[in-house]
1. Considering every residue in B:73-86, what mean count of other chain Cβ atoms within 10 Å of its Cβ is obtained?
2. Spelling out what I want: for every residue of the range A:62-72, take phi, set θ = phi - 60°, compute 6.51 cos²θ - 1.76 cosθ + 1.60 (Karplus), and round to whole Hz; glycine and proline get x.
3. Packing-wise, with mean Cβ within 10 Å as the measure, how do B:60-68, A:60-68, B:38-46, B:109-117 rank, highest first?
4. Please list, in chain and number order, the residues 5+ apart from B:Thr165 or on another chain whose amide H is under 5 Å from its amide H, with Hs placed from the backbone.
5. Over the range A:1-129, what per residue volume does the convex hull of the Cα atoms give, in whole Å³?
6. Using modelled amide H (1.01 Å from N, peptide plane; none on Pro or chain starts), what sits under 5 Å from the amide H of A:Val60, excluding residues fewer than 5 places away?
7. Taking 19 Å as the cut-off for C-alpha to C-alpha distance, list the pairs among B:Lys101/B:Lys131; B:Lys72/B:Lys101; B:Lys88/B:Lys117; A:Lys78/B:Lys72; B:Lys87/B:Lys156 that go past it.
8. If you find the alpha carbon centre of the range A:62-107 and of the range B:117-181, how far apart are they in angstrom?
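Laboratory data are not the source of any read-out in this text; all were calculated from the coordinates shown. Since the model is a prediction, treat every value here as computed from it, not as a measurement. Cβ atoms come from the backbone with ideal geometry, glycine included; neighbour counts cover every protein chain shown.
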Amino acid sequence: MTGSYYFALVGGSDRPLLETEFNQRREKEQRHLCQLIAHASLDLLEARARATSQCFLKSVDRFNEWHISAYLTPGGAKFIMVHDQINEDAVRNFFQDVNDIWLRLRLNPFYNPDGEIKNKSFLLRVRAIGQRYFGSA
Amino acid sequence: MSRDETKSILERSLSKGNQEYSLSLYTLLFAEMVRYCQDRANSLDDVADMLAEMGKDVGWRSIDLLYHREKKNKRDNKILDILLFIKKTLWTKLFGKEADKLEQAADDPRNYYVIEKEPIICKYISNPKDKSSLNCAAFAGGVIEATLCAGGFPCKVTTHWHKGTTFMIQFDESVVDREKV
């Protein structure tokens with residue numbers, strides 16, 4: 001049974017720059033709930049980040065059956081994953097792959113710092129990485 | 001069209017590549033940046049601010065890349081660690097050498113100083129007497145400020161003529177309080 005995953009890329013000003021889901025099983029309301037959960041966990045994320053010098057923060061929060069895992073880049077961007085199945089390795093690899101392409105997007109002079117991500121190639125890449133680690137979408 | 005040009009930006013290599021850059025091209029570029037700002041500014045302070053804005057853009061983009069090359073998947077939480085990163089890694093990448101000195105102010109724990117006797121970017125910029133208060137190294141000040149703010153250490157950086165060029169970094173209260181815990 002494949003779990004459902006909600007990924008949010010949050011910029012330095014705590015604004016979501018990218019949101020996407022994998023294996024969404026239930027109704028549309030789930031996305032709003034996941035968005036709420038992800039943003040509510042930002043405080044705990046920051047508290048956890050103070051305690052470690054790792055980028056991958058593992059599981060920072062829980063909400064009923066949802067686990068929240070996070071990754072904080074040195075440049076201040078937060079990757080948040082809300083998922084209902086514990087799968088630490090897949091989530092960590094997903095974050096590292098997304099970090100790879102996020103680095104390159106940052107270097108793009110046409111990308112505004114902390115701006116909304118409109119680069120189609122980036123969005124497609126994120127979906128491809130997700131499908132690789134979390135099964136079929 | 002070579003193969004490389006058709007590669008998407010997301011596939012480009014992150015290797016260090018050729019470490020040598022033409023000094024004349026580098027200083028020409030900076031001189032033109034100063035001229036660009038001078039043409040569009042109303043006062044000397046504005047020129048310094050515009051240069052700092054350009055620096056902020058550079059700093060914001062460099063920090064993730066340099067951390068990725070130097071220590072993958074790790075970040076810095078302490079003021080001293082990130083300042084050392086700026087002094088060594090960032091400065092070497094941008095200016096070819098480490099910053100000369102890094103000091104903490106004796107009187108105020110919020111203030112730190114990065115001192116550079118002769119910034120390479122200002123080497124061929126001459127200041128006429130009526131514009132002697134403008135320090136073009138404000139560009140580097142902007143780089144430092146953006147690097148610190150992106151790394152999670154909100155601060156203000158000002159550039160001064162002191163012992164060569166001094167960048168005074170003033171951290172927010174919250175950062176200093178965090179360090180104490």
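1. Other-chain Cβ atoms within 10 Å of each residue's Cβ, averaged: 3.
2. 9, 9, 6, 8, 8, 9, 10, 10, 9, 9, 10
3. B:60-68, B:109-117, A:60-68, B:38-46
4. Correct list: B:Glu116, B:Lys117.
5. On the way: hull volume 13.7 nm³, N = 129.
That works out to 106 Å³ per residue.
6. Here A:Ile68, A:Ser69, A:Ala70 satisfy the definition.
7. B:Lys101/B:Lys131; B:Lys72/B:Lys101
8. If you average the Cα positions of each part, the centres end up 33 Å apart.
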